[in-house]
Amino acid sequence: MEMRGARILVPGATGRIGSALVERLHALGARPALAGRDPDTLARVSARSGHAPARTFEAWDLDACARTVDWAAAELGGLDGVVVCVGVAAFGPAPEVSDAVAEHLTAVNALAPMAFLRAAAPQVTEGGVLAAVTGVVAEAAPARMADYAAAKAALATWLTAVRREQRRRGVSVLEINLPHMDTGFAARAVRGEAPRLPRGLPVEEAVDAVVAALSDGARLVRPGTPGPLEVVR
């Protein structure tokens with residue numbers, strides 16, 4: 001996808017990764033639309049990105065996710081891509097995680113990204129991209145993260161299937177499988193405390209990889225060797 005002029009919705013634009021991605025897209029000449037929970041942060045990111053259109057939403061409200069796609073398409077005159085950066089973590093042994101917390105984790109980490117991309121799929125045309133952030137927990141399934149990892153794994157599987165469906169339409173489906181990032185994300189868990197974690201990858205390196213993947217029609221960003229991230233076509 002050519003970045004200049006590309007019309008891209010970024011749900012989760014008030015988080016560290018989402019906001020950095022929006023600002024980079026704007027700098028590259030794309031036309032982002034922002035969606036997030038915090039109206040004040042949303043306004044600041046919009047101002048730094050050429051006063052890009054912005055809208056609040058709650059990720060657990062799946063109808064609101066779908067309506068946000070329609071809003072972005074109307075604001076931008078169409079959509080060339082959607083990059084979903086929403087997510088929330090929880091920690092603790094599985095028997096100690098309540099059903100309410102597990103339901104919230106599934107809604108935010110799996111069902112909300114699916115709702116955004118499901119609504120966007122008919123609107124994004126050939127050469128466009130549908131993308132979402134998963135994470136290494138989807139494959140590693142660490143102890144004390146069972147429900148969080150399960151939700152991310154569900155999203156990863158869904159993206160794989162949708163990629164096969166969209167291939168004939170010429171639409172790329174990108175999974176952004178990131179390692180632990182330097183964002184403070186783990187400290188904002190809805191339950192429990194994060195285990196001792198290694199130093200996180202700088203946000204700028206993740207944004208570099210995501211932009212390269214969007215530009216190249218790649219299917220995966222993942223931890224790589226020898227570099228920290230690898231873009232896979």
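The values are calculated or read from the model by the stated rules, or taken from the named source; none is laboratory data. Computed from a prediction, not measured in an experiment: that's the story for all the values here. Virtual Cβ from ideal backbone geometry, glycine too; neighbours counted across all protein chains shown.
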When residues of the stretch 29-63 are limited to those that are out of contact with any strand residue (DSSP E or B) (no Cβ under 9 Å at 6 or more places or on another chain) and hydrophobic (A, V, I, L, M, F, W, C), the one surrounded by the fewest Cβ atoms within 10 Å (Cβ to Cβ): Ala47
Extreme residue, surrounded by the fewest Cβ atoms within 10 Å (Cβ to Cβ), among residues of the stretch 201-226 that are in contact with a Lys or Arg (Cβ under 9 Å, 6 or more places away or on another chain) and assigned to a loop (DSSP other than H, G, I, E, B): Gly217
Within the stretch 191-200, tally of residues that are surrounded by 14 or more Cβ atoms within 10 Å (Cβ to Cβ) and out of contact with any helix residue (DSSP H, G or I) (no Cβ under 6 Å at 6 or more places or on another chain): 2
One residue from Val82, Val101, Val97, Val136 being under 29 Å from Ala43 (Cβ atoms) and of a type in the set (A, V, I, L, M, F, W, C): Val82
Only listed residue being assigned to a helix (DSSP H, G or I), acidic (Asp, Glu) and either out of contact with any Pro (no Cβ under 6 Å at 6 or more places or on another chain) or farther than 20 Å from Pro113 by Cβ (or both), chosen from Glu193, Glu165, Glu230: Glu165
From Ala27, Ala52, residue being closer than 20 Å to Ala74 by Cα and modelled with pLDDT of 95 or more: Ala52
Ala110 vs. criteria of a type in the set (A, V, I, L, M), over 18 Å from Arg222 (Cα atoms) and either without any contact (Cβ under 8 Å) to a residue 12 or more places away in the chain or in contact with a helix residue (DSSP H, G or I) (Cβ under 8 Å, 6 or more places away or on another chain) (or both): yes
